[in-house]
Amino acid sequence: MTPTRPTKIDVHPEGFYIDWSDGHSSVFTSRYLRFMCHCAACVSEWTGERVIKDADVDPDIHPIGVEAVGNYAVKITWSDRHDTGIYPYDRLRAICPCDGCRAPGGAPG
């Protein structure tokens, strides 16, 4: 099976808009993506427990830099200066917050 890849990524202060190769579109708020960072500073490497809490993320968080990481991810530098998270495309697709993806059985494969 061919993995789903972004065909277009638009970055705005309020969020990311991604069109996928399977025709799906995702809208991620900046605050949601910052909270969903999966780096060792945000998620315990030992327990897998999320270290960052919802209240820790500024409501006005926004990206100040976005870099491609190979052909598989993006690295985002946030306005709180956090920059250690890499967001693989397959993870972004898996955490799509739209109703269709969050519905039982609706999550992308």
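Bear in mind that the values in this text are calculations on the coordinates, not laboratory data. Treat the numbers as computed from the prediction; the structure is a model and nothing was measured. Here the Cβ positions follow ideal geometry from the backbone for every residue, glycine too, while neighbour counts run over all protein chains shown.
Data table
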item	result
Qualifying residue in region 68-82 (condition: touching a Ser or Thr at 6+ places or on another chain (Cβ under 7 Å), among the small types (Gly, Ala, Ser) and surrounded by 13 or more Cβ atoms within 10 Å (Cβ to Cβ))	no
Residue in region 77-94 that is in contact with an Asp or Glu (Cβ under 8 Å, 6 or more places away or on another chain) and either within 18 Å of residue 8 (Cβ to Cβ) or of a type outside the set (Asp, Glu) (or both) present	yes
Unique match (being of a type outside the set (Asp, Glu), exposed (fewer than 11 other Cβ atoms within 10 Å of the Cβ) and out of contact with any Ser or Thr (no Cβ under 7 Å at 6 or more places or on another chain)) among 6, 59	59
Residue within region 86-104 that is touching a Lys or Arg at 6+ places or on another chain (Cβ under 6 Å) and β-branched (Val, Ile, Thr) present	yes
Residue under evaluation residue 22, criteria (1) touching a residue at least 12 places away in the same chain (Cβ under 8 Å); (2) of a type outside the set (Gly, Ala, Ser); (3) under 21 Å from residue 102 (Cβ atoms); (4) surrounded by 15 or more Cβ atoms within 10 Å (Cβ to Cβ), criterion not met	(4)
Strands (runs of 3 or more DSSP E) (entirely within region 9-102) containing at least 3 residues that are of a type in the set (Val, Ile, Thr)	63-69, 73-78
